[in-house]
Amino acid sequence: MMTRRGFLGFAGAVIATALGMACTQEERPVTTPTPEVVEKVVEKEVVKPLPAPPWEYKKLNPDKVAELAYQGYMGKTFDGEKLPGKACCFGAFYAIVKSLADEVGSPYTEFLPVASIATVGEGGLVGWASLCGALNGAAWAIWLITPEEEAKKIIDELYAWYMYEELPKYKPPKAMKAELEPFPTSVANSVLCHASVTNWCKASGYKAFSAERSERCGRLTADVAKKAVELLNAVHEGTFVPAYPLDEKTKSCKGCHTKGSALENTRGKMACWSCHTKEGALRIEEVEGHPKI
């Protein structure tokens with residue numbers, strides 16, 4: 001292939017030869033100059049396929065993971081550096097994967113660039129307030145790290161802990177949304193974002209779309225990521241023991257409503273009373289003066 005430079009050189013040589021012959025009137029053999037040949041080497045990028053989970057795990061520092069999860073929720077570091085995602089699901093997922101990328105390396109390092117996909121879990125999945133995003137993101141990470149049956153046990157424990165624990169507990173070195181002291185806490189009694197947020201708003205007096213509620217969810221994300229790593233560390237060390245068995249009320253409900261029962265018309269692991277009794281969710285028909293629906 002003749003390059004642009006080679007072509008110009010070739011053309012110049014031909015012109016010069018022609019002019020020389022015209023001036024001297026002598027017959028000279030015409031030689032064709034050899035054009036410059038440039039070989040372009042194309043290197044193909046070899047993409048290394050990711051191995052099937054579970055991936056290698058190394059014991060992590062729960063407090064460092066919590067701090068990273070809080071920043072992940074905010075979408076930026078304490079120094080203001082923008083992160084590739086934001087909100088609860090991303091915060092929990094990113095914190096665990098990023099920590100393992102630092103400690104283990106591959107395949108977490110190759111997977112990290114797509115961790116931003118977890119942003120879809122924001123607010124119980126794009127604001128639908130279904131499953132708490134922090135729990136969702138933590139479960140994704142747990143599934144990458146542990147065999148399926150083991151992962152289910154860890155996730156069961158994490159979700160039960162979330163329902164019954166008074167949260168948030170984490171306190172950042174620098175609050176990014178709202179500084180409250182003491183910071184209001186509540187018990188979710190559910191793994192649903194909707195119920196969790198509403199119970200906190202009721203306990204704290206702040207509104208669902210306030211900076212204070214956003215700060216609460218950032219701290220909650222840190223708590224969930226920290227607890228997930230504590231459970232993973234325990235499994236890694238062979239010391240994991242479930243501490244949150246199914247409560248007696250829920251066991252009683254399942255006696256009639258779950259798989260193999262007389263009715264078998266529902267499924268799930270949440271505490272039934274968190275929605276279906278007066279001590280759980282507030283029913284619309286019980287609100288005095290509320291319009292009928």
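The values are calculated or read from the model by the stated rules, or taken from the named source; none is laboratory data. Values in this document were obtained by computation on a predicted structure and should not be read as measured data. Ideal geometry is used to build each Cβ from the backbone, glycine not excepted, and the neighbour counts take in all protein chains shown.
Before moving on, here are some points about what is shown:
- Only listed residue being among the small types (Gly, Ala, Ser) and within 18 Å of TYR70 (Cβ to Cβ), chosen from ALA160, ALA178: ALA178
- The residues listed here are PRO245, PRO291; of these, the one that is under 25 Å from GLY133 (Cα atoms), over 23 Å from the mean Cα position of the chain (by Cα) and not hydrophobic (A, V, I, L, M, F, W, C) is PRO245.
- Residue in the stretch 60-116 that is nearest to LYS171 (Cα to Cα), counting only those that are aromatic (Phe, Trp, Tyr) and touching a helix residue (DSSP H, G or I) at 6+ places or on another chain (Cβ under 6 Å): TYR70
- Flag for THR250 being closer than 29 Å to LYS169 by Cα, of a type in the set (S, T, N, Q), touching a Lys or Arg at 6+ places or on another chain (Cβ under 9 Å) and not assigned by TED's automatic domain parsing to the domain that holds ILE154: yes
- ALA160 being within 25 Å of LEU83 (Cα to Cα), at pLDDT 95 or above and surrounded by 15 or more Cβ atoms within 10 Å (Cβ to Cβ): no
- None of LYS251, LYS269 is among the charged types (D, E, K, R), in contact with a Leu (Cβ under 8 Å, 6 or more places away or on another chain) and at pLDDT 80 or above except LYS269.
- Only listed residue being free of Cβ contacts under 8 Å to residues at least 40 places away in the same chain, of a type in the set (Val, Ile, Thr) and in a loop (DSSP other than H, G, I, E, B), chosen from VAL126, VAL114, VAL120: VAL126
- Tally of residues being crowded, with 23+ Cβ neighbours inside 10 Å and of a type in the set (Ser, Thr, Tyr) across the stretch 184-235: 2
- Listed conditions (1) over 30 Å from GLY72 (Cα atoms); (2) modelled with pLDDT of 90 or more are all met by VAL287, apart from (2).
- Checked against the criteria, LYS249 does not count as surrounded by 18 or more Cβ atoms within 10 Å (Cβ to Cβ) and part of a helix (DSSP H, G or I).
- In the stretch 72-83, residue surrounded by the fewest Cβ atoms within 10 Å (Cβ to Cβ) [restricted to those that are assigned to a helix (DSSP H, G or I) and under 12 Å from the mean Cα position of the chain (by Cα)]: TYR73
- Taking the numbered list (1) in a helix (DSSP H, G or I); (2) within 30 Å of VAL47 (Cβ to Cβ) in turn, LEU135 passes all entries but (2).
- Condition met for TRP200 (more than 24 Å from THR250 (Cβ to Cβ), modelled with pLDDT of 95 or more and not assigned by TED's automatic domain parsing to the domain that holds CYS272): no
- Test result for GLU181, in a loop (DSSP other than H, G, I, E, B), over 27 Å from the mean Cα position of the chain (by Cα) and farther than 24 Å from LYS76 by Cβ: no
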